[in-house]
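The values are calculated or read from the model by the stated rules, or taken from the named source; none is laboratory data. Quick caveat, the model's predicted, so the values are computed rather than measured. Neighbour counts run over all protein chains shown; Cβ positions are idealised from the backbone, glycine included.
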Amino acid sequence: MNLADWLAHCERLHPKTIEMGLERVSAVRDRLGLRFDVPVITVAGTNGKGSTCAMIESIARQAGYRTGLYIKPHLVHFTERCRIDGEPVEADALVPHFEAVEAARGELSLSYFEFTTLAILRALSQAPVDLVILEVGLGGRLDAVNAIDADCAVITSIDIDHVEYLGPDRESIGREKAHVMRPGRPAIVSDPVPPASVTAHAEAIGADLWLVGRDFVHDGDRQQWRWAGRGRRYHALAYPALRGANQLLNAAGAIAALESLRDRLPISAQAVRLGLAHVELPGRFQIVPGQPTLVLDVAHNAQSVAALAQNLDAMGFYPRTHAVFGAMQDKDIPAILARMQVLADHWYFCDLDTPRAAKAVDLAAMPRPATPGRTVGADTFPSAPEALRAAVAAADPADRIVVFGSFYTVGGVLEAGLPRLSSAHASAAIPHPSQEDPGHGHSG
């Protein structure tokens, strides 16, 4: 069986897409003898997890350390989820770890996420690395990644999402995410107004709590910024290569996480500067120059879409903004549409290749706030690439197109490579110069 065969097997194995609980994962972990001999950082939160992971990885690599990273979901290829020293693993290299999980699980049924997480954790545990960074999936307390005792936990911004699993408010959601903390170990909180449940849990278990604004701070001007923490300061830092208003908070949390492990993994100011300058993460307010300009963002809840709208507003003047959007049906879609309606001049709603997705016709039928003085139209399409093609055909060269929502939406337009747009006035086609083979769809 190759990797595609194993992924198909994982999808068939368990009746539920998501099943909360650590009992089965912990049992298989023990059967595998899964353990890490190097520092482990886990990163939980609603928004900013992927960016924080990528910044920690980039800074650590600039400091000369070999890194292992588990990040999810993927945009095009499953192997994006497991990076060793900055590069996705080869598909064939993951196969023995899927075989090991299958042999170890015995009678236990694992969900797709649990099975693939265990396989990647095993791959990382056997790789020659100095630091492992693990992005937590849904929540924290019952997430499969929480079967690993991390040396440092990071909690990024917390907002309303996955209410059917995590609870209806920030206090409930914060309580779930706070369980990635461990007694006596650093717990970095980069949410500037964290739910009281987060700090309460940290105090209850005796975690070493680092709060932004108290234990580490940051400020800056238009050219540079600085970070100060427990006995250490970094001055004259360039802004992170990842764009967007919230990336400074994510960068501050990433630096704090590495500082908390300084006795084991010391880093230099130069490593921080270079790491932030060279960090890359596709699909996070990714601006692709062209005619029209293309913006890709996996913002898919109200908080992240509000940040996207703020970032778009700061880009400058564009005559029209064309919005390509697809999302999972369990999202607060009216709130998402409300935050973008003021910027969108036309909507291109698309179906996605997963049963969890909202139908394009249902998205188009959802109420959107009135925009005085202008009419905002909407069309529906069977896929994200077709929606993007229609947007390009309708756009003027000076316009911009924003593709946002689910990872499936952004991944769909990236599947054939990074699009370089040429408007209908020059060419109706979208050339796709690609440095990758076409992807094989998504499972997350």
Quiz item: When residues of the range 384-409 are filtered for being part of a helix (DSSP H, G or I), among the hydrophobic types (A, V, I, L, M, F, W, C) and either in contact with a Phe, Trp or Tyr (Cβ under 6 Å, 6 or more places away or on another chain) or closer than 20 Å to Arg320 by Cα (or both), how many remain?
Solution: 8
Quiz item: From the residues in the range 188-227 that are among the polar types (S, T, N, Q) and surrounded by fewer than 20 Cβ atoms within 10 Å (Cβ to Cβ), which one is nearest to Gln247 (Cα to Cα)?
Solution: Gln224
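Looking only at the range 151-172, decide whether some residue is in a helix (DSSP H, G or I) and in contact with a strand residue (DSSP E or B) (Cβ under 9 Å, 6 or more places away or on another chain).
No, the range 151-172 contains no residue that is in a helix (DSSP H, G or I) and in contact with a strand residue (DSSP E or B) (Cβ under 9 Å, 6 or more places away or on another chain).
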Exercise. Say whether the condition of being touching a Leu at 6+ places or on another chain (Cβ under 8 Å) and assigned by TED's automatic domain parsing to the domain that holds Leu388 is met by at least one residue in the range 300-310.
Key: yes
Self-check item: So Gly244, is it small (Gly, Ala, Ser), touching a residue at least 24 places away in the same chain (Cβ under 8 Å) and in a helix (DSSP H, G or I)
Solution: no
Quiz item: Assuming Asp297 fulfils every condition listed in (1) outside the structural domain of Ser58 (by TED's automatic domain parsing); (2) touching a Lys or Arg at 6+ places or on another chain (Cβ under 8 Å); (3) surrounded by fewer than 22 Cβ atoms within 10 Å (Cβ to Cβ) apart from one, which condition is it?
Solution: (3)
Quiz item: Looking at (1) at pLDDT 95 or above; (2) surrounded by fewer than 20 Cβ atoms within 10 Å (Cβ to Cβ), can you tell me which one Leu352 breaks?
Solution: (2)
Quiz item: Does the range 266-297 hold any residues that are β-branched (Val, Ile, Thr) and over 20 Å from Ala390 (Cα atoms), and which are they?
Solution: Ile267, Val272, Val279
Quiz item: Which of the residues spanning the range 319-333 are surrounded by fewer than 20 Cβ atoms within 10 Å (Cβ to Cβ) and modelled with pLDDT of 95 or more?
Solution: Pro319, Arg320
Quiz item: Do any residues in the range 25-37 that are within 14 Å of Thr117 (Cα to Cα) have Cβ atoms under 6 Å from those of residues that are among the polar types (S, T, N, Q) and in a helix (DSSP H, G or I), where the two are at least six apart or on different chains, and which pairs are they?
Solution: Leu34/Ser125
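Select, from Thr380, Thr375, Thr371, the only residue that is among the hydroxyl-bearing types (Ser, Thr, Tyr) and either without any contact (Cβ under 8 Å) to a residue 12 or more places away in the chain or crowded, with 20+ Cβ neighbours inside 10 Å (or both). Don't jump to the end; show me each part of the working.
On the way: Thr380 fails: either without any contact (Cβ under 8 Å) to a residue 12 or more places away in the chain or crowded, with 20+ Cβ neighbours inside 10 Å (or both); Thr371 fails: either without any contact (Cβ under 8 Å) to a residue 12 or more places away in the chain or crowded, with 20+ Cβ neighbours inside 10 Å (or both).
Result: Thr375 is the single residue among Thr380, Thr375, Thr371 that is among the hydroxyl-bearing types (Ser, Thr, Tyr) and either without any contact (Cβ under 8 Å) to a residue 12 or more places away in the chain or crowded, with 20+ Cβ neighbours inside 10 Å (or both).
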